[in-house]
Structures are given as C-alpha cells and as structure tokens.
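Student: Please see the structure below; I have some questions.
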Amino acid sequence: MAEAASSAERSTGNAAERGHERLGLILGFVGVLIFSLTLPATRRAVQELPPEFVGLGRAVPAACVGGLMLLLVRARRPHRHELLPLAVTSLGVVLGFPLLSALAMRGVDASHGAVVLAVLPLLTAAAGAVVAGERPSARFWSWAMAGSLSVLAFALLRGRGALAVGDLYLALAAVMAAVGYATGGRLARAMPGLHVIAWALLMALPAVLGGVGSLWG
C-alpha cells in the first residue's frame, strides 16, 4: 500500500514537472517569436529617429506597463540582496541590448543582424553556467559552437573578410543580453519572472528618462 502511494506520488510529481517544462518551452517559443520583430522594427525606427532615442525610449512604455502590473498584483518589493542582480538584469536587457542593437541597425540590415544574434543562445548558456550554476550537456555545447562558428563565417564573408561596426555592436548587445537573461533567470527562482523584468524596467527608468529627455528635441 505504502509503495503504491509512493509510486503514485512520484508519477504525479513527474507529470507536474513535465507540464512545467512544456509550459516553459511554449512561453520560450512565444518570446522568441515576439523577439524576432525587434530588429526589423528597430531598423525602421532608426531611419527616422536617433538610435539612442529608439534604444532607450522603448523602455518607457514597457516600464509603465510593468509598474502597473506590480501595483495590481501587490508584488513585494525586492529584498536587499536582490538589488544587485536586478541592476545587472536591468543593465543587460533594458539598457545595454536595446541601445547597442539600435546603434547596430544604422549600419547593417535586420536580416544580417538576426543571423549575427544567433550567437545569443550560446552566450546565454555560458552566462547561465557562470551565473546560475547550470550545466548544459556536451552535446549542447558542440551544436552551439558549430552554430556560432557558422554565424562568424557568415559575418566575415558578408563583410568581405572583416567585421562591420554593426557586427561589433551586435556582439556587445548579445553579451549584455546573455548576462542579463542569465541573471534574471536566476532571480526568477525566488520571484515570478514577470516581476523580475518589471522591477528591472523600473530600476532603469530614471536613466532612461534622463537619456530620452536629453534627446527629445
């Protein structure tokens, strides 16, 4: 009887774990789908506006939505030990990546940028291994390295043997995003992921408003 109950409990736990994993994959796919619109929209915007304004300004409406969400759900304030990881997340995904990718879109087209940013999963995995203590398999690293070498070859061939300035901006953007994603992912173990990005947006808001205000004219 006890063994049967224990077996049923393990089965239920495994089913719940598979359900969470499936939900994570679905949310990840939706996130990537939305993310795919970033570079084309940014490329179009920097044709009319300064890239610094585009890179920083996109965080303003997002911060308003995030702040409203935190108020509605009565989210707790971050603990003191969570402030530094939140600042790193904010620097990476709210300030660094948007600003650098907007600067890149002045010199390269969106399709080129999308291929170069294919190194982002590898960099995120590396940052996750360092920041969050994750340990991807050797097979993962092998395929990730093969994909990244393909991206580098593409950038060099497209640039006739040299990397364009836009490629360097995109590489820095990918590094910033990877560190921000990994740090935010580790924080999401202690608070809901929506709260992590919302607090990161609010933390960056003073700097964002200062930069947008200086460029408004």
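The values are calculated or read from the model by the stated rules, or taken from the named source; none is laboratory data. Keep in mind the model is a prediction, meaning the values are calculated, not measured. Using ideal geometry, Cβ is built from the backbone for each residue, glycine included, and neighbour counts are taken over all protein chains shown. SASA here: full protein model, heavy atoms, side chains in, ligands and nucleic acids out. Shrake-Rupley method; radii C 1.70, N 1.55, O 1.52, S 1.80 Å.
Student: Which one is most open to solvent (accessible area, probe 1.4 Å) among residues in segment 100-114 that are touching a Gly at 6+ places or on another chain (Cβ under 8 Å) and more than 13 Å from T38 (Cβ to Cβ)?
Tutor: Of segment 100-114, the ones touching a Gly at 6+ places or on another chain (Cβ under 8 Å) are 100-108, 112-113.
If we keep only those that are more than 13 Å from T38 (Cβ to Cβ) as well, we get 103, 106-108, 112.
Values: L103: 27, R106: 136, G107: 65, V108: 14, H112: 12 Å².
Once the filter is applied, the top-ranked residue is R106.
Student: Among L152, L170, L117, which is the only one that is open to solvent by 20 Å² or more (accessible area, probe 1.4 Å) and either in a helix (DSSP H, G or I) or modelled with pLDDT under 80 (or both)?
Tutor: Numbers: L170 fails: open to solvent by 20 Å² or more (accessible area, probe 1.4 Å); L117 fails: open to solvent by 20 Å² or more (accessible area, probe 1.4 Å).
Result of the check over L152, L170, L117: L152.
Student: List pairs: first residue in segment 97-111 and more than 14 Å from A45 (Cβ to Cβ), second residue open to solvent by 20 Å² or more (accessible area, probe 1.4 Å) and not in a loop (DSSP other than H, G, I, E, B) anywhere in the structure, Cβ distance under 6 angstrom, at least six positions apart or on different chains.
Tutor: Listed pairs, sorted by first residue: F97/M176; L100/Y169; L100/L172; G107/V165.
Student: A follow-up question, please. Being out of contact with any Asp or Glu (no Cβ under 6 Å at 6 or more places or on another chain) and within 30 Å of E82 (Cα to Cα): is that true of V108 here? Even if it seems obvious, please write down each step before you answer.
Tutor: Details: out of contact with any Asp or Glu (no Cβ under 6 Å at 6 or more places or on another chain): yes; within 30 Å of E82 (Cα to Cα): no.
Here the answer is no, as V108 does not meet what is asked.
Student: I'd like the residue in segment 132-149 that is over 16 Å from A174 (Cα atoms) and not in a loop (DSSP other than H, G, I, E, B) and, out of all such residues, is modelled with the lowest pLDDT. Talk me through it step by step, then tell me what you get.
Tutor: Filtering segment 132-149 for residues over 16 Å from A174 (Cα atoms) gives 132-143, 146.
Then drop every residue that is not not in a loop (DSSP other than H, G, I, E, B), which leaves 132, 138-143, 146.
Numbers: A132: 64, A138: 80, R139: 82, F140: 78, W141: 78, S142: 82, W143: 81, A146: 82.
Only one residue tops the list, namely A132.
Student: Please determine whether any residue of segment 121-129 is assigned to a helix (DSSP H, G or I), under 18 Å from L172 (Cα atoms), open to solvent by less than 60 Å² (accessible area, probe 1.4 Å) and touching a Lys or Arg at 6+ places or on another chain (Cβ under 9 Å). Steps first, answer last, please.
Tutor: Our first condition is that a residue be assigned to a helix (DSSP H, G or I); within segment 121-129, this holds for 121-129.
Of the ones still in play, those that are also under 18 Å from L172 (Cα atoms) are 121-128.
Filter once more, keeping what is open to solvent by less than 60 Å² (accessible area, probe 1.4 Å): 122-128.
So of that shortlist, the ones also touching a Lys or Arg at 6+ places or on another chain (Cβ under 9 Å) come out as 128.
The answer is yes, given that some residue of segment 121-129 is assigned to a helix (DSSP H, G or I), under 18 Å from L172 (Cα atoms), open to solvent by less than 60 Å² (accessible area, probe 1.4 Å) and touching a Lys or Arg at 6+ places or on another chain (Cβ under 9 Å).
Student: Select from segment 10-56 the residues that are among the charged types (D, E, K, R) and either open to solvent by 100 Å² or more (accessible area, probe 1.4 Å) or not in a helix (DSSP H, G or I) (or both) and list them in ascending order.
Tutor: Initial filter on segment 10-56 (among the charged types (D, E, K, R)): 10, 17-18, 21-22, 43-44, 48, 52.
Correct list: R10, E17, R18, E21, R22, R44, E48.
Student: Also, quick follow-up: Could you say whether any residue in segment 81-102 is touching an Asp or Glu at 6+ places or on another chain (Cβ under 9 Å), not in a loop (DSSP other than H, G, I, E, B) and not basic (K, R)?
Tutor: Looking only at segment 81-102, we keep the residues that are touching an Asp or Glu at 6+ places or on another chain (Cβ under 9 Å), and these are 99, 102.
Within this subset, residues satisfying the condition of being not in a loop (DSSP other than H, G, I, E, B) are 99, 102.
In the following step, the residues that additionally are not basic (K, R) were identified as 99, 102.
Yes, that holds for at least one residue.
Student: Next question. Could you list all residues from segment 138-149 that are within 16 Å of G128 (Cα to Cα) and surrounded by 11 or more Cβ atoms within 10 Å (Cβ to Cβ)?
Tutor: Going through segment 138-149, the residues within 16 Å of G128 (Cα to Cα) turn out to be 138, 140-141, 144-145.
Hits for segment 138-149 are F140, W141, A144, M145.
Student: Checking the structure you have, find out if any residue of segment 204-217 is over 27 Å from R44 (Cβ atoms) and more than 13 Å from the chain's Cα centre (by Cα).
Tutor: Yes; the residues of segment 204-217 include at least one that is over 27 Å from R44 (Cβ atoms) and more than 13 Å from the chain's Cα centre (by Cα).
Student: Another question, then. Go through segment 63-92 and report how many residues are open to solvent by 30 Å² or more (accessible area, probe 1.4 Å) and closer than 30 Å to V46 by Cβ.
Tutor: Qualifying residue count, segment 63-92: 7.
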